[in-house]
Each structure stands twice: as structure tokens, then as C-alpha cells.
């Protein structure tokens, strides 16, 4: 309530769970090699950025249906999470594909170029 957030936006346990997960992954470098998760993980930043748009549009669509099932049901949230994930994943992959087809190249003074100097 200090920063006028909605209940459920911030959880103290997130700090400890995130740190624990991060340390666990660091202690197991071969964990998940060549798995589905490592393939998706390469795109995680893009998926994270795109999922906000997908989530907003999903909620806009569900509000237009005006059904209490979609706003008050655990089952609906269990269904919404994979839909938002897959839509975000394929939208981001589509953006990367289109970028490749348009031959978009990084700017010559990009961070990766500066790193190699």
C-alpha cells in the first residue's frame, strides 16, 4: 500500500525464491542442456517484453466477453498462462524471422561491437 499498488503485485517470498532459483541454476551448469527450456531460454528477454502486450490484449478480450468465469476462476488463469506464453513465444519468433527477412542489421556502434575493442 505504500506505493499504491494492487494487492498481489508484490510478494516478499519472490525475493528469496528468485535468489534460491538463481543460485541453484548456477550450481548446476549442465542442467537442461539441449532441452526445450534452454531453447526457449535463448528467447526469454524477447518473450518477457512481448508478453506484456499479449497479456493486455488477452485481458481486454476477456473483459469484452464480460464473464465472471474469466475474472474469478483459477481454472481460467491456468488456461490463460500457457496461451499467453505460447502467443508471446511465437510472436517474438515471428519478429525475429521478419527481422531476418528484412535484413535488419545492428547499428555499427552497437554494444557488441564496442565489447570486442
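Every listed requirement among (1) at pLDDT below 80; (2) under 17 Å from the mean Cα position of the chain (by Cα) is met by residue 69 save one, (2).
Contact annotation: residue pairs with Cβ atoms under 6 Å, 6 or more positions apart or on different chains, pairing a residue in segment 47-65 that is at pLDDT below 90 with a partner that is in a helix (DSSP H, G or I), are 55/84; 58/84; 62/70.
The values are calculated or read from the model by the stated rules, or taken from the named source; none is laboratory data. The shown structure was predicted, so the numbers you read here are calculated from the model rather than taken from an experiment. Every residue, glycine among them, receives a Cβ derived from its backbone with ideal geometry; neighbour counts consider all protein chains shown.
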